[in-house]
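K.L.:
Quick one: the structure is below, and I'll ask about it shortly.
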Amino acid sequence: SDSASCYTAIRGNVYDLTSWINKYPGGAGNILKLCGKDGTNAFSAQHGGQTRPEAELKGFQIGTLAN
């Protein structure tokens, strides 16, 4: 997982955050920590229930995790 490709799963959905790494106001390091991992806890702790981050996240969704 690096800045060439960054995928994370949050609440069962898969997101490609590659293009967001260097745009994230909280710093690239916070996004890089999610690459290749389930980012649900980290995202919820930082942004849980906040309208704008939830809406922005949806724009990066590329699929859902298989059961």
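K.L.:
If I take every Cα pair under 8 Å that is 6 or more residues apart in the chain, average their sequence separation and divide by the length, what percent do I get for the relative contact order?
P.N.:
40 percent
K.L.:
Follow-up question, since we're still on this one. Using a 1.4 Å probe, what is the accessible area per residue for the chain, in Å²?
P.N.:
64 Å²
K.L.:
For volume of the Cα convex hull per residue in Å³, one of (1) 122; (2) 65; (3) 83 was computed from the structure I shared and the rest are decoys. Which label?
P.N.:
Working out volume of the Cα convex hull per residue in Å³ from the coordinates points to (3).
K.L.:
Ok, one more. Given springs between every Cα pair under 10 Å in a Gaussian network model of the chain, which of Ala55, Ala42, Ala28 has the largest fluctuation?
P.N.:
Largest GNM mean-square fluctuation: Ala55.
K.L.:
Return the carbon/sulfur percentage of the accessible area of the chain, one whole number, probe 1.4 Å, all protein chains in place.
P.N.:
Result for the chain: 50 percent of the exposed heavy-atom area is carbon or sulfur.
K.L.:
With each run of n ≥ 4 DSSP H residues scored as -39500 (n - 2.57), what mean residue ellipticity at 222 nm is computed for the chain after dividing by its residue count and rounding to the nearest 500 deg cm²/dmol?
P.N.:
Theoretical 222 nm ellipticity from helices: -8000 deg cm²/dmol.
K.L.:
For labels at Ala42 and Ser5 in the simple 7 Å Cα→Cβ model, what's the distance in nm?
P.N.:
With each label point 7 Å from Cα toward Cβ, the separation is 1.8 nm.
The values are calculated or read from the model by the stated rules, or taken from the named source; none is laboratory data. This one's a predicted model, so the numbers in the text were calculated from it and none came from an experiment. Positions of Cβ are generated from backbone atoms using ideal geometry, with glycine treated the same way; all protein chains shown enter the neighbour counts. Side chains are part of the model used for accessible areas, which takes the heavy atoms of the whole protein and leaves out ligands, DNA and RNA. Shrake-Rupley method; radii C 1.70, N 1.55, O 1.52, S 1.80 Å.
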